[in-house]
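Here is the structure we will look at, set down as structure tokens.
Laboratory data are not the source of any read-out in this text; all were calculated from the coordinates shown. Model, not experiment: these values are computed from the prediction. Please note: Cβ atoms are built from the backbone with ideal geometry, for glycine as well, and neighbour counts cover all protein chains shown.
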Amino acid sequence: MSDAVMTDAVMTDPAIADAVTDVQAMLDVISVQAVWCVPIRNGLGDITDFEVRAASPDAIDVHGRSGKELIGVRTLAMYPSVLDTPLWQSYLRVMRTGEPEEVIRYEHMEAVRGIPHRSIYTVKASRLRDGLLQVWTRHDDEERLAARQAHTERLGSLGWGRWDFVTGEAEWSPQLYLIHGRDPADGPLELEGYRAITHPDDYSVVENAVAELTTADGPYEFEFRIRVGGAYRYIRATAELSRDATGRPIEMHGVLQDVTDWRRTADQLMTVRQRLEEESQLTSHLQHIIMPVQDEPVVLPGMRVAARYDPAETAPLGGDWYQAIALNDDEVLLAIGDVAGHGVAAASAMAKLRHAITGLAFAHHDPAETLVALNRLLRRMRPDVLATAIVARYQPRSRTLTWTHAGHPPMLLVRGDKVRRLLHPGVLLGVFDEVAYTTASVRLEPGDLLLMFTDGLIELPGRDLFDGLDILSSTIEETMRTAPGDPLTAVTDVLTPSNTSDDTCILVARITPNNLEVS
């Protein structure tokens, strides 16, 4: 029987058709790169190729095909260099024995758009319903993620270290050497070595931290000064002990951040506080320093933007923030977020996220990559803090808005007097160590309004947030139908926080014609 005849037989086999339905349903709901293939056999029953019949949404091949675009692709027909490799032999053994196998760091060489391209994968193969399930991890993606992590550590001026009490070994990230002004050739500093570089006034702080760590059942955060060169630097440390089954400490992990510049700013703010008679004046001043708000709309490429911050009545210093800035003449960053809690701790975490998100945007991270980096930053620096955010990039040339969410209320798109919710949900920041986000895009029109806000605008005790969204949408639609003058100002002025015990950020952008835009 020829391959063509065999393929027709496979495609019309009712059992295979049922299996395709079941396997695709499974792959649709799992976050892995995976495909399920059926074997193509010759007249002697030997496997001559595999054909993809189901694929996970996250699956992507070396040519950039993803998800269901891979269905119908044959392994050797599309990737001929796989033939006679350990990977191909593994596929044949799995189909013969039924035992799953894993090929670690398989190196695949192939021309992509005429250019030789090297990719490294770890592939797990299993027999499933008379077919072959392939699940893979692409290691060059991991290497790019490691580079982005290093970039984030540099932006945040933080590094991580590990000290093994059993073997005496220690390990530092590259940024930790920079924070200490230490040559990597000298290796990590042993814990005992910190006494020699710690400011004498901070010995008690370090000793108290050691005492707390020996009894704590989680991370402990403290701040001390170390001598770097001829000056002292302020270091904020978060450390945690790992223990064996008997409870004996065997390892310590720590994240250290150089907060010298922040501390100097804080000291300057304390000087300001001494000149103020009322604490409320201080909190207002602090909020403006951390997140200044323009009194009038600002002009950015392709849009005008108005913003407002309404502090909580009971706790004026909060964690709500926004950002609206031109990255260049062709692109604008719009972002908004909410750090859980109030007071200096929430405002400090908010400032870190706001500054980090701006740096990441200038480093050409897309919104999804930015949120992954922010989540990693938050988990390392403030594992006790949760936050929500929306990050968007607008390109006025094509009038394209690309965005993603992290547990935040949706943006609203106002076109004419109709309001539409731009939904693209993702997990909160700070919940899990490893997260993934995707982006969505929409083309905007001149005159469109974009509304981003924090939950203080729509929440009330006992009321669902979606009820608040409905009321907000109705208010905006009525304003657009009846209010004279500038819609940007009219909508911004009519928005009133429903929960005055929580701070609220509001950002409204109106799309303007742009002489750079293309159809």
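Descriptive notes on the structure:
- Cα centroid separation - the range 63-99 against the range 193-245, whole Å: 52
- Residue-span extension gain [VAL205 to ALA245] - 0.36 nm each, minus C-alpha spacing: 11.5 nm
- The value obtained for the range 383-519, namely the Cα convex hull volume divided by the number of residues, is 122 Å³ per residue.
- Relative to the 2.2 N^0.38 Å rule of thumb, the range 3-139 has a C-alpha radius of gyration ratio of 1.00.
- Loop-resident sites, the range 414-496, for GluC sites (Glu not before Pro), counting at most 16 other Cβ within 10 Å (DSSP): GLU434
- Legend: Rg and Dmax of the range 380-423, from Cα coordinates, 14.3, 44 Å.
- R0 of 41 Å, Cβ-Cβ distance ASP58-GLU221: FRET efficiency to nearest 0.05: 0.70
- Size-normalised alpha-carbon gyration radius of the range 157-262, reference 2.2 N^0.38 Å: 1.04
- Largest-first principal axis extents, alpha carbons of the range 420-466, Å: 39, 32, 13
- Here the label points at SER31 and ALA185, each 7 Å from Cα along the C-beta direction, are separated by 4.4 nm in the simple model.
- Adding -39500 (n - 2.57) for every DSSP H run of four residues or longer, then dividing by how many residues the chain holds, sets the calculated 222 nm ellipticity at -10500 deg cm²/dmol.
- Eigen-decomposition of the gyration tensor built on the alpha-carbon atoms of the range 291-511 gives equivalent ellipsoid semi-axes of 25, 21, 16 angstrom, largest listed first.
- Here, P(r) means the percent of Cα pairs in each 5 Å bin from 0 to the largest distance; for the range 423-501 it is 3, 11, 18, 17, 19, 15, 10, 4, 2, 0.
- Summary value for the range 157-262: 30 percent relative contact order, contacts being C-alpha pairs under 8 angstrom separated by 6+ residues.
- Between the entries (1) 24.8; (2) 33.2; (3) 22.3, the label attached to mean projected area of the Cα convex hull in nm² calculated for this structure is (2).
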